[in-house]
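Student: Quick one: this structure, given as structure tokens, is what I'll be asking you about.
The values are calculated or read from the model by the stated rules, or taken from the named source; none is laboratory data. Bear in mind the structure is a predicted one, so any value in this text is a computation, not a measurement. Note that we place each Cβ from the backbone using ideal geometry, even for glycine, and neighbour counts take in every protein chain shown.
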Amino acid sequence: MARHTTPRTIGSASTVDARDVATGDSDASLMAALLRREPAAAETLYTRYASRIYGLGLVLLRNGADAEDLVQDTFPKVWRTGPAYDPERGSLDVWVLLIARSLATDLLRRRTLEARKLSSEPVHRDVSDEPGPEWYAEHHDQMGRARKAMGQLPPGQRSAVELAYLGQRSSMSGAERECCA
């Protein structure tokens, strides 16, 4: 089987199969053979379009693994939807690449929806936002020291401090009210 590679140009296939040229396989006869489940037809279809689908996947999906998955997903869909192919509406390569593009677009839409869903869900942390035992111990210790310090103040100063912190007054207005200034 003679196979040669030509320089890649836009809109042309990169490999030519001498068997295809010799037998004059047309798009319609290739699809008819595929629908009859002839292995050679599936092989020819794969050989013709796998690299082009992969390239399309790289451009659209920007990921080699996703492009490989696109190639693998495209051919079963071509097989399933083969009876819908109409050679009068367009060439086989356009039809196959349109199927691949549709699958890639579906994947991108699914990813967008998943990203939106994930970003709208509340964040569940493994660690609680509630204070732990260390915080309670430290808080209890600070409150005890504050009570002890407040107990050592004269009553006027103690009232001024209480007004400043608990009564939401400035320290100066609290001191003036208690006559400590």
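Student: Kindly indicate the residue of the stretch 27-56 that is of a type in the set (D, E, K, R) and in a helix (DSSP H, G or I) and also farthest from residue 68 (Cα to Cα) among those meeting that condition. Before you say what the answer is, go through the steps one by one.
Tutor: So in the stretch 27-56, the residues of a type in the set (D, E, K, R) come out as 27, 36-38, 43, 48, 52.
Subset that is in a helix (DSSP H, G or I): 27, 43, 48, 52.
Numbers: 27: 24, 43: 17, 48: 15, 52: 11 Å.
Checked the stretch 27-56; the qualifying residue farthest from residue 68 (Cα to Cα) is 27.
Yes/no matrix, rows are residues, columns are (1) in a loop (DSSP other than H, G, I, E, B); (2) in the same structural domain as residue 35 (by TED's automatic domain parsing):
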{"position": "68", "(1), (2)": "no, yes"}
{"position": "90", "(1), (2)": "yes, yes"}
{"position": "98", "(1), (2)": "no, yes"}
{"position": "102", "(1), (2)": "no, yes"}
{"position": "109", "(1), (2)": "no, yes"}
{"position": "127", "(1), (2)": "yes, no"}
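Student: Just give me the residues in the stretch 62-81 being surrounded by 15 or more Cβ atoms within 10 Å (Cβ to Cβ), touching a helix residue (DSSP H, G or I) at 6+ places or on another chain (Cβ under 6 Å) and not β-branched (Val, Ile, Thr), in sequence order.
Tutor: Scanning the stretch 62-81 gives 67, 70, 73.
Student: Could you grab me the full set of residues in the stretch 25-69 that are among the hydrophobic types (A, V, I, L, M, F, W, C), farther than 15 Å from residue 96 by Cα and more than 35 Å from the chain's Cα centre (by Cα)?
Tutor: Selection gives 33, 40.
Student: Restricting to the stretch 82-111, name every residue that is at pLDDT 95 or above and of a type in the set (Ser, Thr, Tyr).
Tutor: Answer for the stretch 82-111, where residues must be at pLDDT 95 or above and of a type in the set (Ser, Thr, Tyr): 102, 105.
Student: A further question follows. Condition test on residue 162, is it surrounded by 13 or more Cβ atoms within 10 Å (Cβ to Cβ), at pLDDT below 90 and out of contact with any Ser or Thr (no Cβ under 6 Å at 6 or more places or on another chain)?
Tutor: On the way: surrounded by 13 or more Cβ atoms within 10 Å (Cβ to Cβ): yes; at pLDDT below 90: yes; out of contact with any Ser or Thr (no Cβ under 6 Å at 6 or more places or on another chain): yes.
So residue 162 passes the test.
Student: What number of residues within the stretch 29-56 are more than 11 Å from residue 92 (Cβ to Cβ), touching a Gly at 6+ places or on another chain (Cβ under 8 Å) and surrounded by 15 or more Cβ atoms within 10 Å (Cβ to Cβ)? Even if it seems obvious, please write down each step before you answer.
Tutor: Initial filter on the stretch 29-56 (more than 11 Å from residue 92 (Cβ to Cβ)): 32-33, 35-43, 46-47, 50-56.
Pick out the ones that are also touching a Gly at 6+ places or on another chain (Cβ under 8 Å) and you get 35.
Next, only the ones that are surrounded by 15 or more Cβ atoms within 10 Å (Cβ to Cβ) stay: none.
Number satisfying all stated conditions: 0.
Student: In addition: Of everything in the stretch 100-145, what is more than 34 Å from the chain's Cα centre (by Cα) and polar (S, T, N, Q)? Give them in sequence order.
Tutor: 142, the sole residue that qualifies.
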